[in-house]
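Encoded as structure tokens, the structure appears first; notes follow it.
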Amino acid sequence: MHFDEIDRSISTFMRRWGIRALRISLGIIFIWFGVLKPLGLSPAEPLVLATVRWLPLFDGQLWVIIIGWWEVAIGVTFLFRTTIRLAIALLALQMAGTFMPLVLLPAVTFQAGHLPYGPTMEGQYIIKNLLIISAALVVGGTVRRSEEAP
């Protein structure tokens, strides 16, 4: 087998399975991380509680539970091609809240004296969501493609 044939085969495999793998990965991650919140097992809980104290509508623990189940809903809707649009709408709303600590809690999300260039672990945890947004854009770009298998 020549390099070009191997490369073509690998490229075909990636084209065939890449979007599906990305969509399922998003689903699994959101379901997994989301379910940790209502179970009280999320390492992000202190950050969520510190952020939602600015939102007086509900008790902080109730917000953690709501956010957790919201994330589970995002994950489940990413698992099915027919609900990708809903997944992206739910994700857009969730991401607005996810980035709030960068503004509301800079002392938690950035190293002292290094704003905005030196994020803490919490800041990095938030900033990596840019990758999730990009992945959702890629998956969302397929909702009108009829050639992708369900």
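Once region 93-113 is narrowed to residues that are in a loop (DSSP other than H, G, I, E, B) and loosely packed, with under 10 Cβ neighbours inside 10 Å, the residue that is modelled with the lowest pLDDT is Gly113. If you go through region 114-129 one residue at a time, do you hit one that is surrounded by fewer than 17 Cβ atoms within 10 Å (Cβ to Cβ) and in contact (Cβ under 8 Å) with a residue 40 or more places away in the chain? Checked region 114-129: at least one residue is surrounded by fewer than 17 Cβ atoms within 10 Å (Cβ to Cβ) and in contact (Cβ under 8 Å) with a residue 40 or more places away in the chain. Filtered by the rule that a residue be in contact (Cβ under 8 Å) with a residue 24 or more places away in the chain and either surrounded by fewer than 17 Cβ atoms within 10 Å (Cβ to Cβ) or closer than 18 Å to Leu49 by Cα (or both), region 65-78 gives Ile65, Ile67, Gly68, Trp69, Trp70, Glu71.
Evaluated against (1) of a type in the set (D, E, K, R); (2) under 30 Å from Thr12 (Cα atoms); (3) under 19 Å from the mean Cα position of the chain (by Cα), Lys37 falls short on exactly one condition, (2). Considering only residues in region 29-64 that are polar (S, T, N, Q) and touching a residue at least 24 places away in the same chain (Cβ under 8 Å), the one that is surrounded by the fewest Cβ atoms within 10 Å (Cβ to Cβ) turns out to be Ser42. In the set Ile29, Ile65, Ile10, Ile6, only one residue is closer than 21 Å to Leu131 by Cα, of a type in the set (Val, Ile, Thr) and either modelled with pLDDT under 95 or in a helix (DSSP H, G or I) (or both); that residue is Ile29.
Please go through region 93-113 and pick out each residue that is free of Cβ contacts under 8 Å to residues at least 40 places away in the same chain and of a type in the set (Gly, Ala, Ser). Correct list: Ala96, Ala107, Ala112, Gly113. Among the conditions (1) assigned to a loop (DSSP other than H, G, I, E, B); (2) of a type in the set (A, V, I, L, M); (3) closer than 20 Å to Ile24 by Cβ, the only one that Leu39 does not satisfy is (3).
The values are calculated or read from the model by the stated rules, or taken from the named source; none is laboratory data. The shown structure was predicted, so the numbers you read here are calculated from the model rather than taken from an experiment. Please note: Cβ atoms are built from the backbone with ideal geometry, for glycine as well, and neighbour counts cover all protein chains shown.
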